[in-house]
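Report on the structure given below.
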Amino acid sequence: MNALVALCHFCELHGPRTLFCTEAVHPPSPSPPQPGPVIPGDRDREADREGEGLTMRANSSATQRADMCEGCRSLPASHPGFVSVDSETGIRYLSHQHPRQQQLFSVVRQACVRSLSCEVCPGREGPIFFGDEQHGFVFSHTFFIKDSLARGFQRWYSIVVVAMDRIYLINSWPFLLRHLRLTIQSLQNTALKVFDSEQCVCPQRAVRMNSAFSPAVFPHQRSGNAARSLTSLTQHPNLWASLHSSFSWLLKACGSRLTEKLLEGAPTEDTLVLIERQTEQEEEMSGWDGAEGGGSNPQPSQSESVQAKDFQFDDGRQEDLLGPKFKSLRHLRQVLGASDFRQLAWHVLMGNQVIWRGADPGLIQSAFNVLKALLPVGCVRAVPYSPHYEEAYRCNFLGLSPDVPIPAHVSSSEFSMLVDVLNVERGCVNPVSDDDILSLYQFNISSANTQPTDKGPTLLNKIEVALSNGNLSVEVVSLCLLCLKEEWMNKVKVLFKFSKVDGRGKEDTQKVLALLGATGPGEEDNVRLLKFWMTGLSKLYKSHLMTAVRGGERTLSHPT
């Protein structure tokens, strides 16, 4: 991560000061050799310039050293600093009291002053974001450390993360907040123990109340120790080495958690929905971690926590499932048979609740994993395996243990489908391959739906053609399914814009359906599919359309 982490302190004598700073130094890119003779000593001088950074700022001037008290100093001027090298990338993480470059020194100095003066949150303790393009952007978290000799029995500190990339720093807010609070809480807890032990020996509150107070001599009334170092407050012998490890890991982890990907064209709706869900989960975790007050934090119920995950299996987790499992849609079709598979896929595409009940959760999860490929990501709401029934508004994929009863209103509903997975009793004891699912299980499919499923929707007809074509590999079928979903998601976008945003009538909507190729045989199923898939559109797309429409209305109502 191209950023810098610094620990800052508000000194009672000298104001805001930088105590400790960790920066990432990337290895230089190899440059082509320059023609001409190599002058001896050039390489040595370059190495000297590269290595002088740690102590350059600490040894800059005698005047600066004279302005530093014990509370303003972390490492002595003769200390070489701390260095950690990432063996994978070659990046070096350097820590000292000040940055190694003059430009960075000015940026960090300004961030330090602003974080401990004007840029603070209510209560003077907590996170805040500020900055500009010229001086960089800063994520700052201010906090107090207990000190029995300080004014108010506490000292003011801040940890700042300085970067030039505003978007990256804002996106990293939940991650930085969560891990910086762990570091801050560790410092505060350690200092609190020292504070309590000192108060037991000599209670400073009683001493100050019984002595004459004079602002001019107040620092001297505390045995001349107006500024105590953070090492003295925490009694931590390896404090700065520990902070170096913490800050170095923070820079490395924060840089590797978000990566840039080359997208050929605009991101798909599935990509937008996944980004929104990841952001919501990070904000929710940050909200739980940052909840303050006397009351206890409310913990989500089991069903809510399962819903938060939204059951999005990836290919890696599919391979981790033990025992027999469905490998693809074609494999599922071969096991269930063409007729039962079409009935199952029809219910999935229509948005009906599909319930699998059996004793093997791995098999049920693998079935959901391949069936979710039929739907956009935003339409998948699943509970993989539950000890009790969950209502249809919570999930459209539900796995149940074999002893869970199905409510009467569900079994009699045409908007649900039940797949019972029964163990097959085998007389022989010969081992059976996990791939031979039919020799291990029997599948009973039941539904109260009486509507024929052989006409539509058009998407299902095309999917069955691809699955039944033995000349197409599983990989080709997956790409074909992806293209079909994108085609129908584009139709969903047009219908959403036309019917929901513009508010057109039924007659105009029918013309649009004909234009989209959704009329004719299976028209009713096509319309149901399009309406269900509207629920899978991303919030970003919906808000973008509404904003564009409102902006157009304002333009028409106020012509220039």
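The values are calculated or read from the model by the stated rules, or taken from the named source; none is laboratory data. Just so you know, these numbers come straight off a predicted model, no measurement behind them. Note: ideal-geometry Cβ built from the backbone for every residue, glycine included; neighbour counts use all protein chains shown. The area values use the complete protein model at the heavy-atom level, side chains included, leaving out ligands, DNA and RNA. Shrake-Rupley method; radii C 1.70, N 1.55, O 1.52, S 1.80 Å.
A few notes on this one:
- Per-region count, the stretch 159-195, residues without any contact (Cβ under 8 Å) to a residue 60 or more places away in the chain and over 24 Å from Asn238 (Cβ atoms): 3
- For the stretch 78-116, the set of residues classified as within 27 Å of the chain's Cα centre (by Cα) and over 23 Å from Ile128 (Cα atoms) consists of Ser84, Val85, Asp86, Ser87, Glu88, Thr89, Gly90, Ile91, Arg92, Tyr93, listed by residue number.
- Residue within the stretch 139-146 that is over 23 Å from Thr231 (Cα atoms), touching a strand residue (DSSP E or B) at 6+ places or on another chain (Cβ under 7 Å) and buried (at least 17 other Cβ atoms within 10 Å of the Cβ) present: yes
- Verdict on Arg124 being charged (D, E, K, R) and not in a loop (DSSP other than H, G, I, E, B): no
- Assessment of the stretch 289-297 against the conditions (farther than 30 Å from Asp436 by Cα, in a helix (DSSP H, G or I), at pLDDT below 75 and of a type outside the set (Lys, Arg)) yields at least one matching residue.
- The single condition from (1) of a type outside the set (A, V, I, L, M, F, W, C); (2) more than 23 Å from His236 (Cβ to Cβ); (3) part of a strand (DSSP E or B) that Gly90 fails is (3).
- Single residue of the stretch 99-120 satisfying the filter (at pLDDT 85 or above and farther than 17 Å from Ala163 by Cβ) that is most open to solvent (accessible area, probe 1.4 Å): Cys118
- Selection within the stretch 332-349 - in contact (Cβ under 8 Å) with a residue 40 or more places away in the chain and open to solvent by 10 Å² or more (accessible area, probe 1.4 Å): Arg333, Val335, Leu336, Ala338, Asp340, Arg342, Gln343
- Elements of type helices (runs of 4 or more DSSP H) in the stretch 457-543, at least 3 residues being open to solvent by 70 Å² or more (accessible area, probe 1.4 Å), out of contact with any Cys (no Cβ under 7 Å at 6 or more places or on another chain) and modelled with pLDDT of 85 or more: 458-468, 474-495
- Count of the stretch 136-159 residues which are over 18 Å from Leu192 (Cβ atoms) and at pLDDT below 85: 0
- Strands (runs of 3 or more DSSP E) wholly inside the stretch 380-428 that include at least 1 residues being farther than 20 Å from Met350 by Cα, at pLDDT 90 or above and more than 35 Å from the chain's Cα centre (by Cα): 416-423
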